[in-house]
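Accompanying notes for the structure given below.
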Amino acid sequence: MSEPVSRRQFLACGAAIAGATALSPLRHPAFAAMRGPTADFDGLPRSHGDGKRVAIIGAGLAGLVAAYELGAAGYDVTVFEARTRPGGRVWTIREPFSDGLHAEAGAIFLPEHHPWTMHYAKLFELALVPVTSARDALARTYVVRGKRLVWRSGGESPDWPLALTDEERTLGLRGMRERYESGDLAAVQAAAPGPSGSPWPPAELEHLDKITLAQLWRSHGASSGAVSLMRLGYNDLWGDGVETYSALAGLRDGALRLGGRQNYTVRDGNDRLPHAFAARLKDRIHYGAEVTRIDHATDGVTLTVRDAAGARAMHRIAADHLVCAIPFSVLRHIVVAPAFSPAKERAIRDMQYTSVARVYLQVRERYWEKAGLSGDATTDLDVAGFQHGTAYQPGPRGIIQNYACGPAARRITAMAPERRVSYVLEQAERVFPGMREHFEGGTSKCWDEDPFARGDYVWFKPGQVVGLWPHVAPAEGNVHFAGEHASAWPGWMQGALDSGRRAAAEIGATLASP
């Protein structure tokens, strides 16, 4: 954890960035090899800064990258973070685990085809651990309709205890997905959105925003059994599941996941990435600093900030520009005067965030591997899915991570913390027999109860990709918006980084205009 900020430091928010020349500018040589939604970003000349003050709310990846690049370009940048750590929803849990084990509370993977995620990992010389295919030899576990099934990749499809048609049984799970969504997926991929804030979707795709993903499958002939099977796992991790979110939103995510064959994690934890940004920004970040009010006008913005000393420790901070890099679920609880445009206000009010509950079970031995199991499982139980969170960490001990979303996550969140662990342990015993015997302890993270997140990643109901998304990213005067929700890559670190760079570019373009 960073050292606490003194009151003198806090009140000196308008001071110039110390050591700004140590920050790497946007024109880094590695960009020449980059390909992606914003690979043509030209950077901000240092002369654009001219001592202008930029306040940033939120030290998640979006706020950090905006601060890093604007500071490099000569702007006087100050970041206000309500927590006492950087990273936002990129957070690695290290306590109460033993033997140096850790687990991710937020972002899990760094896909190779996410250009900005990979760029900054390489720029900061973070050690990346490939998620290898060696585990493909180990079997994945399924629990469906009370039946436990074991399936090895490339092996014969399980005898699913579902009412599938003869054709669907022949197709198998992958074949069903291709049959019931591949045509629409190809159309979305062909029109995949560009940089954050680019106009999207095109008119020819708008019909896909009027129905849910489950309705799309049914429209192509999927049986009720096929829908039940295809929704298991990743597809049900958005919103309240495939019966609730926009087919267009689901297909967009599917299209953006195509093209990458290799995922990575950061050695010692994914939060090494935000900590690398924070180490370079140093005292430009103020922790324990909660913004309670935003006043904005044509000549600048003024923030009302409450520091960790309590309600009486209120500060008024002036700046020329503001980057609002917090979720809309949090922004809607901040007073804004004057109000933003009606379209922006509606987006802030109506934006949905997925309820996510993660429960972690530490065991003294990775006993499932003796049975040829990977430790990963997909179920139709309330606890949804399991993952071996320490597969690429050394030692005999391990952590099985449970990942529940939507209504199931809200039920788990409503439990007392100790009950969450015992409840998931009961369910895990059904999936991996022997779990109780090897169990040593656990913990949980429920994002709905986090006051500075109020949910995990954004999701869109039918009609909201067309109706809301175009109004999320655009600036309101000198107030700019960043975060995974304000990007073409919602739910990913790539989206947060892309949007933070876009916000930095907006400020550079605004200040450079005649």
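The values are calculated or read from the model by the stated rules, or taken from the named source; none is laboratory data. If you're wondering where the values come from, they're calculated on a predicted model, not measured in any experiment. Cβ atoms come from the backbone with ideal geometry, glycine included; neighbour counts cover every protein chain shown. In case anyone asks, the SASA skips ligands and DNA or RNA and just uses the protein heavy atoms, side chains included. Shrake-Rupley method; radii C 1.70, N 1.55, O 1.52, S 1.80 Å.
Can you pull the Rg over Rh of the range 48-101, Cα-only, Kirkwood? In the range 48-101, Rg relative to Rh is 1.18. The P(r) of the range 335-459 has a tail past 17 Å containing 60 percent of all C-alpha pairs. Straightening the chain between E112 and E369 buys 89.8 nm, computed as 0.36 nm per residue apart minus the Cα-Cα spacing. Computed over the chain, relative contact order equals 22 percent, with contacts defined as Cα pairs under 8 Å that lie 6+ residues apart. Of the beta bridges in the chain, as assigned by DSSP with both residues counted there, near 70 percent are antiparallel. Considering only Q387, M435, L216, the residue lying farthest towards the positive end of the dipole of the chain is M435, judged by Cα position with unit charges set on Cβ. Per residue, the chain exposes an accessible area of 41 Å² to a 1.4 Å probe, with every protein chain left in place. Once the Cβ-Cβ distance of R94 and H333 is raised to the sixth power relative to R0 = 45 Å, the FRET efficiency obtained is 0.95. Can you compute the FRET efficiency between A308 and S219 using 1/(1 + (r/R0)^6), with r the Cβ-Cβ distance and R0 = 60 Å? Round to the nearest 0.05. Efficiency computed from Cβ-Cβ geometry: 0.65. Our note on the geometry: Cα centres of the range 429-455 and the range 395-414, 4 Å apart. Taking Cβ atoms as reference points and 14 Å as the exclusive limit, the residues near R436 contribute a net charge of -3, counting Lys and Arg as +1 and Asp and Glu as -1. The lysine pair count for the chain, using Cα distances under 23 Å and pairs eight or more places apart or on different chains, is 6. Placing +1 on the Cβ of every Lys and Arg and -1 on the Cβ of every Asp and Glu, with nothing else charged, gives the chain a dipole about its Cα centre of roughly 720 debye. Per the Debye formula with a single identical scatterer at each Cα and no solvent contribution, what log10 I(q)/I(0) holds for the range 241-382 at q = 0.16, 0.20 Å⁻¹? Reported log10 I(q)/I(0), two decimals: -1.23, -1.36.
In loop segments of the range 224-311 as defined by DSSP, the trypsin sites (Lys or Arg not before Pro) with at most 13 further C-beta atoms inside 10 Å of their C-beta are R261, R267. Entry for the chain at q = 0.06, 0.10, 0.11 Å⁻¹: log10 I(q)/I(0) = -0.28, -0.80, -0.97, Debye formula applied to identical alpha-carbon scatterers, no solvent contribution. With helices as the sole contributors, the chain gives -8500 deg cm²/dmol at 222 nm; each DSSP H run of n ≥ 4 counts as -39500 (n - 2.57), and the sum is divided by every residue.
Extension gain for E204 to E426 (0.36 nm times residue separation, less C-alpha to C-alpha distance): 75.1 nm. Here the calculated FRET efficiency for A192 and E440, from their Cβ-Cβ distance with R0 = 51 Å, stands at 0.70, rounded to the nearest 0.05.
The phi-based Karplus calculation (6.51 cos²θ - 1.76 cosθ + 1.60; θ = phi - 60°) puts the 3J(HN,Hα) values of the range 238-252 at 9, x, 9, x, 5, 7, 10, 9, 4, 4, 5, 5, x, 5, 4 Hz, whole numbers, x for Gly and Pro. Overall, the accessible surface of the chain at a probe of 1.4 angstrom is composed of carbon and sulfur to the extent of 52 percent.
Taking a sphere under 14 Å around the Cβ of A473 and counting the other residues whose Cβ falls inside, with K and R at +1 and D and E at -1, yields a net charge of -1. Relative to a virtual label point 7 Å from the Cα of A416 in the Cα→beta-carbon direction, which members of the range 438-466 show backbone nitrogen distances below 17 Å? Correct set: 442-444. Ordering L251, P199, Y403 by the projection of their Cα atoms onto the charge dipole of the chain, which places +1 on the Cβ of Lys and Arg and -1 on the Cβ of Asp and Glu, puts Y403 at the extreme positive end. Electrostatic bookkeeping for R364 treats Lys and Arg as +1 and Asp and Glu as -1; over the other residues with beta carbon under 11 Å from its beta carbon, the sum is -2. Taking Cα centre as origin and charging only the Cβ of basic (Lys, Arg, +1) and acidic (Asp, Glu, -1) residues, the dipole magnitude of the range 315-463 rounds to 340 debye. Once both labels are positioned 7 Å from their Cα atoms along Cα-to-Cβ, the gap between R267 and E125 label points is 1.3 nm.
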